[in-house]
Amino acid sequence: MIYKNYPMVSRVVFGRGSFNQLDEILASKRKGRNAPFIFYVDDVFKGNRWLTSRITLSYKDKIIYIPTTEEPKTSQIDQLVENIILNYNELPSGIIGIGGGIVMDVAKAVSLMLTNKGESKDYQGWDLIKNPAIYHVGIPTISGTGAEVSRTTILTGPDRKLGINSDFTPFDQVILDPELTKDVPKDQWFYTGMDCFVHCVESLKGTYLNAFSQSYGEKAFDLCKEIFLDDTLNSEDARDKLMMASWHGGMSIAYSQVGVAHAMSYGLGYLLGVKHGIGNCIVFDHLHEYYPEGVALFKAMKAKHNIELPQGICADLDVQQINTMIDVALSLEPLWENAIGKDWKTKVTREKLMTLYKKM
Ligand code: NAD
Ligand code: ZN
């Protein structure tokens with residue numbers, strides 16, 4: 001048995017208002033006047049002085065706003081890297097991603113591709129990255145994905161949606177400031193929060209479970225129940241707790257794996273462009289057969305917060321399109337093995353997935 005030697009985020013700050021320490025944290029990392037800090041900021045914050053006035057730009061530092069209508073593409077990463085190379089004579093001192101999973105993944109991917117030759121699509125997979133990334137910092141403004149702790153950056157390439165998984169992917173520094181999440185719209189809060197809840201269920205109910213994953217997963221699962229079902233929790237505490245639930249959920253899957261909802265949600269994402277959080281919700285809603293208690297809790301949370309999920313998104317798809325989603329879902333073998341066991345291929349049939357997708 002070979003155990004994973006898992007890289008972790010080197011430094012983390014936690015606390016309301018801790019974003020104010022960004023300047024001080026970056027100061028010691030500056031390599032010179034010609035080596036800028038590049039700040040990728042979720043474009044929802046454009047014109048939001050409450051946030052942007054706390055980013056100090058010196059020398060050639062730059063803020064670049066990242067749109068979040070679509071999840072990151074390999075071509076987009078290659079373009080961002082090229083822009084940096086064409087505009088500066090030196091490598092940046094660091095890349096800082098301020099936003100949700102999309103912006104954090106963009107920051108991770110660009111920091112890796114600045115030191116690794118070629119196109120980012122060639123690095124989608126496991127451990128294909130050869131050289132360490134440049135210094136990179138993640139600052140979540142919405143909680144749930146666990147992208148702040150993970151060793152992957154999920155990208156849609158020409159052929160597939162797959163992460164760049166490597167020991168160099170995790171952030172060197174993370175700033176967890178729950179205040180940054182205060183204006184997240186309610187539906188999005190729910191979808192991204194449920195990504196965390198689903199991480200916990202899939203990890204805790206998976207065959208890869210071990211004490212490491214369980215200890216983080218159970219904590220995050222309990223926090224989610226409190227955040228989404230307990231009326232007595234005030235909104236500030238709820239934000240603090242969801243930020244930590246996201247972290248713990250990410251740590252839990254780091255040492256185990258996700259499962260059926262993620263596999264099928266990747267299919268929806270690939271064919272229909274359905275985003276990660278809402279896609280997981282749409283799928284998970286139909287998975288009582290696999291995760292009975294988790295799905296019952298999910299439905300209770302959904303009802304409590306009056307969340308209406310889109311229905312019938314697969315109703316007009318033809319067989320070929322559904323087969324494409326099934327191919328994408330089934331290609332994620334470790335997810336199925338975790339969810340069902342080593343003999344999953346005898347238990348999960350294409351017909352089964354066809355029936356499930358048709359319900360969504
Ligand atoms: P997101 O980045 O898609 O953002 C969702 C929406 O929330 C956007 O419209 C954004 O503008 C808005 N938003 C973010 N912060 C806000 C704030 N403070 N106030 C108001 N609006 C705000 O959301 P997400 O669910 O965090 O990330 C999903 C992405 O993360 C997907 O691309 C998925 O593939 C990726 N992901 C990565 C990992 C990983 O380990 N790398 C894990 C899970 C998901
Ligand atoms: Zn997820």
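The values are calculated or read from the model by the stated rules, or taken from the named source; none is laboratory data. Everything numeric in this text was worked out from a predicted model, so none of it was measured. Quick reminder, even Gly has a Cβ in these numbers, built from the backbone with ideal geometry, and neighbours come from all protein chains shown.
Against the list (1) more than 22 Å from P170 (Cα to Cα); (2) within 17 Å of the chain's Cα centre (by Cα); (3) not aromatic (F, W, Y), the condition C314 fails is (2). Which residue is nearest to L114 (Cα to Cα), if the candidates are limited to the range 1-55 and must be hydroxyl-bearing (S, T, Y) and outside any helix (DSSP H, G or I)? Checking each candidate, the answer is Y40.
Results for (1) hydrophobic (A, V, I, L, M, F, W, C); (2) at pLDDT below 95, shown as yes or no for each residue.
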site: F221; (1), (2): yes, no
site: M244; (1), (2): yes, no
site: H248; (1), (2): no, no
site: G273; (1), (2): no, yes
site: N280; (1), (2): no, no
site: H288; (1), (2): no, no
site: A296; (1), (2): yes, no
site: A300; (1), (2): yes, no
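Got at least one residue in the range 207-217 being within 14 Å of ligand 2 (Cβ to nearest atom) and outside any loop (DSSP other than H, G, I, E, B)? Yes, the range 207-217 contains a residue that is within 14 Å of ligand 2 (Cβ to nearest atom) and outside any loop (DSSP other than H, G, I, E, B).
Only residues that are crowded, with 24+ Cβ neighbours inside 10 Å and more than 28 Å from F221 (Cα to Cα) were counted in the range 134-151, giving 1.
Residues of the range 150-167 being of a type in the set (V, I, T) and more than 8 Å from ligand 1 (Cβ to nearest atom), which ones? If the condition is that a residue be of a type in the set (V, I, T) and more than 8 Å from ligand 1 (Cβ to nearest atom), then T156, I164 are the ones that fit. Taking the criterion of being among the hydroxyl-bearing types (S, T, Y) and more than 15 Å from V12 (Cβ to Cβ), the residues of the range 136-152 that qualify are T141, T145, T152.
Being assigned to a helix (DSSP H, G or I), within 14 Å of the chain's Cα centre (by Cα) and surrounded by fewer than 24 Cβ atoms within 10 Å (Cβ to Cβ) is the filter here; which residues of the range 252-275 pass it?
A254, G269
Let me confirm something: among D231, D285, which residue is farther than 22 Å from L155 by Cβ and surrounded by fewer than 15 Cβ atoms within 10 Å (Cβ to Cβ)? After ruling out the rest, the residue left standing is D231. Residues in the range 23-57 that are in contact with a strand residue (DSSP E or B) (Cβ under 8 Å, 6 or more places away or on another chain), away from ligand 1 (no atom under 16 Å from the Cβ) and of a type outside the set (D, E, K, R) were compared, and the one that is farthest from I85 (Cα to Cα) is I25.
Would you confirm whether any residue within the range 179-194 is more than 10 Å from ligand 1 (Cβ to nearest atom) and more than 11 Å from D105 (Cα to Cα)? Explain how you work it out, then say what you get.
Step one: filter the range 179-194 for residues more than 10 Å from ligand 1 (Cβ to nearest atom), giving 186, 190.
Those still in the list that are more than 11 Å from D105 (Cα to Cα) too: 186, 190.
Among the residues of the range 179-194, at least one is more than 10 Å from ligand 1 (Cβ to nearest atom) and more than 11 Å from D105 (Cα to Cα), which makes the answer yes.
Pairing residues of the range 336-348 that are free of Cβ contacts under 8 Å to residues at least 12 places away in the same chain with residues that are of a type in the set (D, E, K, R) and not in a loop (DSSP other than H, G, I, E, B), at Cβ distances under 8 Å and at least 6 apart in sequence or on separate chains, gives W344/E337. Quick check on the range 60-74: of everything there that is touching a Lys or Arg at 6+ places or on another chain (Cβ under 8 Å) and in contact (Cβ under 8 Å) with a residue 60 or more places away in the chain, which residue is nearest to P140 (Cα to Cα)? Among those residues, the one meeting the criterion is E71. Is it the case that some residue within the range 93-110 is without any contact (Cβ under 8 Å) to a residue 40 or more places away in the chain and closer than 25 Å to L271 by Cβ? So far as the range 93-110 goes, no, none of its residues is without any contact (Cβ under 8 Å) to a residue 40 or more places away in the chain and closer than 25 Å to L271 by Cβ.
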